[in-house]
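The structure appears right after this line, and notes come after that.
The values are calculated or read from the model by the stated rules, or taken from the named source; none is laboratory data. From a predicted model like this one, the values you see are computed outputs, not experimental measurements. Here the Cβ is made from the backbone with ideal geometry for all residues, glycine too, and neighbour counts use every protein chain on show. What goes into the accessible areas is simple: the full protein's heavy atoms, side chains included, and nothing from ligands, DNA or RNA. Shrake-Rupley method; radii C 1.70, N 1.55, O 1.52, S 1.80 Å.
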Amino acid sequence: MDEPDVSGPPYSRESEAGLLGAMILDNSIIPKVAAKLGPDGFVSDGHRAVYEGILKVYDEHKACDLILLAEETRDSLRECGSTGLLASLVQDCPDAGAYESYLSICSQYLRFRFAYKAGTELVKLAGTKGTKLSDLYTVADTVKARASHADALTFQSCIDDAIRGASTLRNEGVDLFTGWARVDSALGGLRRKTLYVVGGKTSQGKTSVCVNVARNNLTVNVERRVLYNGFENLDQFATLLAAVEYGVPLAHFTKPDACSEPEYERMVAALRGLSKWKDNIKVMNAVSVAEMRAAADEFKPDLIFLDYLQRYLHKYAPEKDGRISYQAGKLVSDLQDLAIDRNAAVFAFSQFGRRSEDSRNRRPTINDLKESGDIENTADVILNLWWPWRDALDPTLNPEEYHMEIAKNKLGRCEDMVLRIKVDTLELVEMV
């Protein structure tokens, strides 16, 4: 029988052989194994050939014995020098009922081998001129994702997890929130491991919502941490946060030359005052999701913001062959994984499509989101923003009426919420 070179990652010839023998002896476990392990789970060429033969025979006959398998694998086993392998697999299998243990060992070693291969690639990339940090983060993140892979949970473990989650919520309450009572009532606060997509037209307050949610959480709990990944002018995040927190009109920040001396000093004092949160907020400049994951591992954020989806796609997933919709779906899926893996509430802000931008004074819908189908399928919650006064450019409308529509909500009801927006600072508060 062939002996593979295993000087690097670990490998168990006995577990591979035991698993194959168990599959031949008890055909009922074949589909169970096939659902969890592919041919790459076997290091030995002979074992891999037998495994592929078992799957093919079972697929054709819904049964697999030594006679059928010998006919199917005769040539492939001869090529890899393992002609006497089949009989020994059955003869040496100690217990077909122990297949789950064999499968677990093979799966674990597969992840080790994957990490070994990716780690080798990482070292090679790090020593190659012109390699970007984002390339290293991407490879490193795939290693962590495969290494942390867990086997299928039992239904009882799902029940136990649900009970523990309910108990924690009952005893401790939701620790994250938007800060607006009606919105939090409908959403059940902000839930960790949850992806929130916030859509709106240009200049309809997407970043303002981001800043308000961050500030509302930081004000209540000084231990909260916020990670913000922005794809536009990053100084606007600090400017908006200072305006909301200290009530300084935005015009003082945007036109400092028109301020009086006291107004200018108040504006500077507001920006300096944000230093109280210097250890609570991490701002990243247009980085990839892989880099966000790496930062989250170290920073441990409670809230993560990506502002915004389309600019991200333009930089990291340029349209090729009309597949931008697929890339949008993949990005949203990656962000949902980020929320789950890092135990955070993740917000992704999205532009509305051209149809919505070209029409004024119309309440938005989910269909107005760019790549709406792919986003809608994955997002846990979708919030549509609408500021009628700014949208319609109608001076007769109430400039402080601001709509936050819960258009999709896996956690509760959908409803149009009306908030009050302070035009001079863009602070969002309850509508009295």
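Structure summary
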| item | result |
| --- | --- |
| Solvent exposure of the chain as accessible area per residue, Å², 1.4 Å probe | 51 Å² |
| Farthest positive-ward along the chain dipole, Cα basis, beta-carbon charges - from Gly199, Gly41, Ser157 | Gly199 |
| Cut-off 15 Å, label 7 Å out along Cα→Cβ of Ser134, residues of segment 223-247 by amide N | 229-232 |
| Per-pair calculated FRET efficiency, R0 = 51 Å: Glu52 and Val174 via Cβ, rounded to 0.05 | 0.55 |
| Top of Lys32, Lys206, Lys410 by mean-square fluctuation, Gaussian network on the chain, Cα under 10 Å | Lys32 |
| Chain lengthening between Tyr116 and Arg182 when straightened (0.36 nm per residue, less Cα-Cα) | 18.7 nm |
| Nearest 10 degrees, 0 to 90: helix 206-220 Cα axis against the chain principal axis | 90 degrees |
| Full-stretch length increase - Lys330, Lys276 - with 0.36 nm per residue and alpha-carbon distance subtracted | 15.8 nm |
| Using alpha-carbon coordinates, inclination of helix 235-246 to the longest axis of the chain, degrees | 60 degrees |
| Solvent exposure ordering (accessible area, 1.4 Å, most first) of Glu400, Glu261 | Glu261, Glu400 |
| Relative contact order for the chain, counting Cα pairs under 8 Å that sit 6 or more residues apart, in percent | 16 percent |
| Integer Hz, Karplus 6.51/-1.76/1.60 couplings in order for segment 376-387, x for Gly and Pro | 4, 5, 9, 4, 6, 9, 10, 10, 9, 9, 8, 10 |
| Fluctuation leader among Gly130, Gly205, Gly97 - the chain, Gaussian network, Cα springs under 10 angstrom | Gly130 |
| Selected from Ile340, Ile159, Ile30 as most flexible by GNM, with the chain as the system and alpha-carbon contacts under 10 Å | Ile159 |
| Cα lying deepest toward the dipole's positive end in the chain, options Ala22, Val209, Leu309, charges on Cβ | Val209 |
| Fraction of accessible area attributable to carbon and sulfur, segment 209-263 (%, probe 1.4 Å) | 49 percent |
| Phi to ³J(HN,Hα) by Karplus 6.51 cos²θ - 1.76 cosθ + 1.60 over segment 419-427, Hz, x for Gly, Pro | 10, 10, 10, 7, 4, 6, 10, 6, 6 |
| Residues with amide H under 5 Å from that of Arg225, placed H, sequence gap 5 or more | Asp302, Leu303 |
| Distant-in-sequence amide H partners of Lys408 (H built 1.01 Å from N, under 5 Å) | Ile382 |
| Share, in percent, of DSSP beta bridges within the chain that are antiparallel, nearest 5 | 40 percent |
| Cα long-axis angle, helix 324-341 against the chain (0 to 90 degrees, to the nearest 10) | 90 degrees |
| Long-range amide H partners of Leu369 with built H, under 5 Å | Gly353 |
| Rounded FRET efficiency, nearest 0.05, which uses the C-beta distance separating Ser104 from Leu66 and R0 of 22 Å | 0.30 |
| Hull volume in cubic angstrom per residue (convex hull over the Cα atoms of the chain) | 202 Å³ |
| Virtual spin-label span in nm between Ser167 and Asn233, 7 Å along Cα→Cβ | 5.2 nm |
| Calculated [θ] (222 nm, deg cm²/dmol) that DSSP helices of n ≥ 4 give over the chain, each run adding -39,500 (n - 2.57) | -16000 deg cm²/dmol |
| Lys, Arg +1 and Asp, Glu -1 on Cβ, resulting dipole of the chain about Cα centre, debye, nearest 20 | 1140 debye |
| Dipole of the chain, positive direction: furthest Cα of Cys106, Ile406, Phe253, with charges on the beta-carbon | Phe253 |
